[in-house]
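Coordinate-derived values only; no laboratory data. Every value quoted in this text rests on a predicted model; they were computed, and no experiment measured them. Quick reminder, even Gly has a Cβ in these numbers, built from the backbone with ideal geometry, and neighbours come from all protein chains shown.
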Amino acid sequence: MSHVLHRFVMIVGLALGWAVGLVNGAVAAPLATEAAMAERSLGRADAPVTMLDFSSLTCPHCADFHLNTLPQLKTKYIDTGKLRLVFRDFPLDRYALQAAMLARCADPGLYFGFVEVLFKTQSQWARASNPGKALAQIGALGGIPEADFDACMNNKELFDKLLAQRQEIQTKYDVQSTPTFVFNDGAEKIQGALPVEKFEEVIDRLLSSH
């Protein structure tokens, strides 16, 4: 299982261009907590529609959205300046929290690459006999050596802040399950990995009223 996971993630990592950093030896130390917790988003800051994406990295429905629906929304709305997506971690279990920590400890420019790989390989690392070791392997392929991975996993401040953020999200936006999407600070809300047409309907409605 470990060998299969390693090979699969290497293929995906190469596709995302991680090999450039590894070949050049461009390995950065884990980010400080404040930088790790900084907002991670796709799209223009002044886009008329903002979609908050509350997802757990061990949630199959979240993976479905990110791998099948998001690419379509990215082409139609994000790349055209109409939509900004802000990713907010809502970990449902211990391993989702560890995966969130791993992605946030990486260079911000690799963040969504890590998220994509974690979702693409979710069924393998999350169900591995040792998910922590599988995450360390993914980290290594993304330029995070074992010592830095361990430092990231032992960052209690980051751990606590992610849990506190989850509680804040649950209270402020009444998020009870993942994925949940909140548009323009509560103007619209979608729960679940619904068909892309439902997202288009909501986004188009908000664009028409802007």
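Data table
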quantity: Matching residues in segment 171-193 - criterion: being more than 20 Å from Thr80 (Cβ to Cβ) and in contact (Cβ under 8 Å) with a residue 60 or more places away in the chain; calculated: Tyr173, Val175, Thr178, Pro179, Thr180, Val182, Asp185, Gly192, Ala193
quantity: Matching residues, segment 131-162, being surrounded by fewer than 18 Cβ atoms within 10 Å (Cβ to Cβ) and touching a Phe, Trp or Tyr at 6+ places or on another chain (Cβ under 8 Å); calculated: Gly132
quantity: Segment 101-110 - residue that is surrounded by 21 or more Cβ atoms within 10 Å (Cβ to Cβ) and more than 10 Å from Met37 (Cα to Cα) and, of those, farthest from the chain's Cα centre (by Cα); calculated: Ala106
quantity: Residues of segment 192-210 classified as closer than 21 Å to Pro71 by Cβ and not in a loop (DSSP other than H, G, I, E, B), total; calculated: 11
quantity: From the options Phe87, Phe149, residue that is within 16 Å of the chain's Cα centre (by Cα) and closer than 23 Å to Leu31 by Cβ; calculated: Phe87
quantity: Helices (runs of 4 or more DSSP H) lying entirely in segment 110-163 (those with 3 or more residues that are within 19 Å of Cys59 (Cα to Cα), out of contact with any strand residue (DSSP E or B) (no Cβ under 9 Å at 6 or more places or on another chain) and not small (Gly, Ala, Ser)); calculated: 111-120, 122-125, 131-141
quantity: Which listed residue is of a type in the set (A, V, I, L, M) and touching a Pro at 6+ places or on another chain (Cβ under 7 Å), from Ala147, Ala128, Ala100, Ala106; calculated: Ala100
quantity: Residue check, Lys120 surrounded by fewer than 21 Cβ atoms within 10 Å (Cβ to Cβ), charged (D, E, K, R), over 24 Å from Ala147 (Cβ atoms) and in contact with a Pro (Cβ under 8 Å, 6 or more places away or on another chain); calculated: no
quantity: Residues satisfying the stated conditions in segment 50-65, i.e. more than 21 Å from Leu97 (Cα to Cα) and surrounded by fewer than 23 Cβ atoms within 10 Å (Cβ to Cβ); calculated: Thr50
